[in-house]
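Encoded as structure tokens, the structure appears first; notes follow it.
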Amino acid sequence: MKNFEFKNPTKILFGKDQIQKLSQEIPQDTNILLLYGGGSIKKNGIYEQVKTALEGYNLEEFGGIPANPEYDVLMEALKVVKEKNITFMLAVGGGSVIDGVKFISAAALYDGEDPWNILVEKIMPEKGLPFGTVLTLPATGSEMNSASVITRSATKEKLAFSGPGVFPVFSVLDPSVVASIPERQIANGLADAFTHVLEQYMTYPIDALLQDRMAESVMQTLIEIAPAIMKDPSDYQAAANFMWSCTMALNGTIRVGVPTDWAIHMMGHELTALFGIDHARTLAIIAESHYTYNFESKKEKLAQYAERVWNITEGSIKEKAKAGNQKTIEFNQSLGIKTRLSDYTSNYKGAASEVARRFEERGVSGLGEHRNLTPADTEKIVEMAY
Ligand code: NZQ
Ligand code: ZN
């Protein structure tokens, strides 16, 4: 096991009716900005619950943060933060709203010229404007981590940053919110969380026994509850297990002391930037070819995954590893997620060279757990995913 440091300061309020506790978490003399997305919270009652919980506060609102949070929109929100002297933000939404608020949190205290540089220069803010979240969509883990991914559609860029200053102060996780989520987003949440575990697990053996078993148990739980939550998102017990699995998949606990990959996400973000494909679906597109291309260096963990997560006990390491890779594809397909780029766009032919060109241009190289994948390798991987 590698050496590690670990700190996660986010307080979790999990369960039914936890939204009512918002006022316990935010001091009364606070100027709050409530931020949300395209309006789903106004249809499913979450907006009303939040407003009721925050009665008596000095409350401003900013709605309209789109999926794949858009830089220009976030800069508008930043203006409101400054003009209204906001001292606390409350993100009510999925990963896009929460990521957007993390960016505003960092930008509010940024003293450089152009906040976009936080992303370009991968600045890791030590301090941000404090914020809490009310999670409405289990998927990204953003509610309990310090990562944020921001899109600039004008230049077709999608870039990430993270830092100790942009953890949420608290996050409210009420599984009842899952009832209103459309099937497509439930499937996305399952596939995204599953891939988060894979990115931190599918590397090489390092004798981190507990981290391996925790990762495997998150995947097993997602597999177990997937049919129930896909069939009926108002199944509270399934929703509760779904929500906590998504948080545990990316709150830092399974990552400690082990190598991590994240190349699938790096390539996936480019496919979202280029084609607007949902984040989770880009991961399902890339996963198979990434694991096939890097089969030799990953086969031990692929085989362990096949054995422990899918009960594939017959065959050699190689045979089990191949079967494990196939199981991941089948899992994504069982959620109704298509796994080839050509399933999403007829314009896919130049995608691989374009992804490689963009990585080259930005100096992105050394991807994967061995930090040895070049832009030329990513070109081959994306091409294998056509
Ligand atoms: O905008 P509204 O109207 O709220 O609708 C949203 C949106 O259209 C809807 N939705 C959310 N909660 C709902 C609901 N509809 C009905 N009922 C509810 N309770 O769902 C749609 C998608 O929302 P979004 O927030 O975009 O989805 P998700 O949580 O999957 O977030 C995706 C974003 O997170 C980034 C992705 O790149 C993408 O930009 N990621 C962030 C990560 C992180 N911070 O750690 C890691 C991930 O790997 C990922 O990259
Ligand atoms: Zn993801």
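All of the numbers you see were taken from the coordinates with simple rules; none came from a lab. Bear in mind the structure is a predicted one, so any value in this text is a computation, not a measurement. We place every Cβ from the backbone using ideal geometry, glycine too, and count neighbours over all the protein chains shown.
Modelled this way, with points 7 Å down the Cα-to-C-beta line, the labels at LYS349 and LEU210 are 5.4 nm from one another.
Residue pairs exceeding 26 angstrom between C-alpha atoms, taken from LYS7/LYS318; LYS318/LYS380; LYS102/LYS349; LYS102/LYS298: LYS7/LYS318; LYS102/LYS349; LYS102/LYS298.
Approximating the spin labels as points 7 Å out from Cα along Cα→Cβ, the ASP114-to-MET75 distance works out to 0.9 nm.
Need one word for region 183-384: rounded, prolate or oblate. Basis is the Cα gyration tensor (sqrt eigenvalues a ≥ b ≥ c); a/c below 1.5 gives rounded, then a/b vs b/c decides. Taking the square roots of the gyration eigenvalues as a ≥ b ≥ c, region 183-384 is oblate.
Measuring r between the beta carbons of ARG371 and GLN333 and using R0 = 25 Å, the FRET efficiency lands at 0.20. Dipole check for the chain: with +1 at the C-beta of Lys and Arg, -1 at the C-beta of Asp and Glu, and the Cα centre as origin, the magnitude is about 360 Debye. Take the Cβ atoms of ILE317 and ALA228, set R0 to 41 Å, and the FRET efficiency comes out at 0.80. The trypsin sites (Lys or Arg not before Pro) of region 1-30 that DSSP puts in a loop, and whose beta carbon has at most 15 other beta carbons within 10 Å, are LYS2, LYS7, LYS16.
If the cut-off is 16 Å between C-alpha atoms, which aspartates and glutamates fall inside it for LYS16, apart from same-chain ones fewer than 8 positions away? Straight-line reach from LYS16, under 16 Å: GLU48, ASP174, ASP235.
Legend: P(r) of region 1-57 from all alpha carbon pair distances, 5 Å bins from 0, whole percents, reading 4, 14, 20, 20, 17, 8, 5, 5, 5, 2, 0. For region 115-259, the normalised intensity computed at q = 0.09, 0.19 Å⁻¹ comes to -0.31, -1.18 (log10 of I(q)/I(0), Debye sum over alpha carbons, equal scatterers, no solvent).
Can you tell me how the chain classifies by the Cα gyration tensor, rounded, prolate or oblate, using a/c under 1.5 as the rounded cut? Prolate is the answer for the chain, as a/c is 1.5 or above and a/b outweighs b/c. Summarising the label geometry, the points placed 7 Å from Cα in the beta-carbon direction at ARG362 and ALA154 lie 1.8 nm from one another.
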